[in-house]
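See below for the structure under consideration.
The values are calculated or read from the model by the stated rules, or taken from the named source; none is laboratory data. All of these numbers come straight from a predicted model, not from anything done at the bench. Every residue, glycine as well, gets a Cβ built from its backbone with ideal geometry; the counts of neighbours run over all protein chains shown. Remember, those area values only see protein heavy atoms, side chains included, never the ligands or the DNA or RNA. Shrake-Rupley method; radii C 1.70, N 1.55, O 1.52, S 1.80 Å.
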Amino acid sequence: MKFSDFGFVNTNEMLADALANKYAVPAFNFYNFETLTAIITAARKTHSPVILAVSESAMKYMGDDMLLGLMTGICASPAEQIAIHLDHGRTLDACKHAIDLGFSSVMIDASAKSFNENIKLSRDVAKYAHRHNVSVEAELGILSGIEDENTKSSNSSYTDPDAAAKFVDATGIDSLAIAIGTSHGPYKCKSADEKLRFDILNEIEKRLPDFPLVLHGASNVPQEFIDIINTYGGKLHDACGIDEKQLKRVAKTNICKINVDSDLRLAFTAAVRKVLQSDPYIFNPRDYLTKAIKYMTKICVYEITNKMKSKNKI
Ligand SMILES: [Zn+2]
């Protein structure tokens with residue numbers, strides 16, 4: 001099916017508007033009914049454009065048929081500006097598969113490969129995707145941390161601004177994910193005052209004016225969830241995210257898509273741990289999953305309103 005049959009849009013128009021009006025479109029990851037419900041509810045409540053991000057492992061977890069059912073169940077309308085996006089696609093085949101399924105946007109992440117191999121693969125994906133009116137994001141630079149079994153790295157390297165300009169020109173992609181000091185997972189820093197490299201971002205903006213940039217690994221890991229998790233049996237003692245003030249600053253730059261995954265995972269886990277431990281007699285999963293949806297919706301609304309500033313943009 002084509003993405004327009006589901007009422008989805010690609011990310012070109014939404015990112016162009018975010019770029020022109022100095023805000024960021026949130027990309028939240030979903031992998032089941034509960035995460036999807038929370039994200040969609042929050043986006044509709046705040047009248048925000050939204051990118052529904054699905055990783056390859058999340059696609060595997062849901063299975064194509066169930067995922068198609070969820071995509072249909074959203075009942076999206078183009079006026080709502082909802083995109084569905086493959087997060088960290090690793091191969092041309094993975095991107096083709098997502099596009100054929102009805103995705104409106106894909107990311108090809110060949111950032112671990114050599115510069116020339118990254119260019120070649122990203123260009124091939126862009127050619128295929130553009131034939132289907134699907135937008136393409138690629139990545140240059142390496143983020144450390146663990147997102148899932150497919151996306152992990154123990155080292156990092158910042159994006160080289162000159163290479164970024166050359167890369168965009170050579171590939172024909174629509175947006176570029178850059179590395180300026182964020183990382184995947186809930187352990188992003190040793191202390192809360194670690195700084196993102198705005199100087200590098202600035203240099204990239206100079207070389208690529210009016211081009212949408214993307215920031216991954218940008219959860220701020222709210223302490224309230226860490227506290228709940230640890231109070232109710234968890235052991236996430238060194239969890240630490242990106243300082244919110246810096247993320248607010250990021251949203252005003254040419255970074256117009258900000259990815260958030262860990263914050264929803266933490267909200268989900270905090271809710272389930274709290275409810276199960278507070279009431280040992282509970283055995284109906286809907287009792288704690290309802291709470292999980294509520295916590296996740298709340299964090300999405302908060303981030304849309306305070307961090308991305310994408311509220312009331314549609
Ligand atoms: Zn990522």
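Of all alpha-carbon pairs in the chain, indicate the percentage at a distance above 36 angstrom. Before the final figure, lay out the partial values.
On the way: 5917 of 49141 pairs.
Every Cα pair in the chain considered, those over 36 Å come to 12 percent.
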Treating every alpha carbon of the range 57-207 as one equal point scatterer without solvent, the Debye formula yields log10 I(q)/I(0) values at q = 0.11, 0.13 Å⁻¹ of -0.48, -0.66
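Round to the nearest 0.05 the FRET efficiency obtained for F283 and D64 when R0 = 22 Å and r is the Cβ-Cβ distance.
On the way: r = 32 Å, r/R0 = 1.44.
After rounding to 0.05, the efficiency reads 0.10.
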Quick one: angle between helix 64-73 and the longest Cα principal axis of the chain, in degrees between 0 and 90, rounded to 10, please. 80 degrees
Put K96, K311, K206 in order of accessible area, largest first, 1.4 Å probe: what do you get? K206, K311, K96
With the full set of protein chains in place, find how many percent of the accessible area of the chain is carbon and sulfur; take the probe as 1.4 Å. 52 percent
Past the 15 angstrom mark, what percentage of all C-alpha to C-alpha distances in the range 84-151 do you count? 47 percent
In nm, give the distance between the simple-model label positions of S57 and D227, each being 7 Å from the Cα along the Cα-to-Cβ direction. 3.0 nm
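Among DSSP beta bridges whose residues both lie in the chain, state the antiparallel percentage, nearest 5.
Values: 4 of 37 bridges.
Percentage antiparallel, nearest 5: 10.
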Rounded to the nearest 10 Å², the accessible area of D227 using a 1.4 Å probe with every protein chain kept is 80 Å²
At 1.306 mPa s and 10 °C, Stokes D of the range 170-229 from Kirkwood alpha-carbon radius, µm² per second: 117 µm²/s
What share of all Cα pairs of the range 203-262, in percent, falls into each consecutive 10 Å distance bin? 20, 40, 23, 13, 4
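Give me the number: length gained by fully extending N306 to T290, i.e. 0.36 nm times residue separation minus the C-alpha to C-alpha distance, one decimal in nm.
Numbers: separation 16, 0.36 × 16 = 5.76 nm, distance 2.43 nm.
3.3 nm is the gain from fully extending N306 to T290.
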Value of [θ]222 nm, deg cm²/dmol, for the chain, DSSP H segments ≥ 4, -39500 (n - 2.57) each, nearest 500: -14000 deg cm²/dmol
Surface per residue (accessible, 1.4 Å probe) for the range 42-105, Å²: 37 Å²
With no solvent and one point per C-alpha, what does the Debye sum give as log10 I(q)/I(0) for the range 1-49 at q = 0.18, 0.20, 0.23, 0.29 Å⁻¹? -0.71, -0.85, -1.04, -1.15
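Among DSSP bridges having both ends in the range 130-268, what percentage is antiparallel? Round to the nearest 5. Could the numbers behind the result be given before it?
Working: 4 of 17 bridges.
So the antiparallel bridges in the range 130-268 amount to around 25 percent.
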Kirkwood hydrodynamic radius, computed over distinct alpha-carbon pairs, for the range 167-314: how many Å, to one decimal? 16.8 Å
Between the helical axis of 198-207 and the dominant principal axis of the chain, each derived from Cα atoms, what acute angle in degrees is found, rounded to the nearest 10? 40 degrees
Please quote Rg/Rh for the range 1-141 to two decimal places, taking the Kirkwood radius as Rh and restricting both calculations to Cα atoms. 0.95
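Once the convex hull of the C-alpha atoms of the range 17-83 is built, how many Å³ does it hold per residue, rounded to a whole number? List each step's numbers first, then the result.
Details: hull volume 5.7 nm³, N = 67.
Given the Cα convex hull of the range 17-83, per-residue volume reads 85 Å³.
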If you count only protein heavy atoms with a 1.4 Å probe, what accessible area per residue comes out for the range 182-223, rounded to a whole Å²? 46 Å²
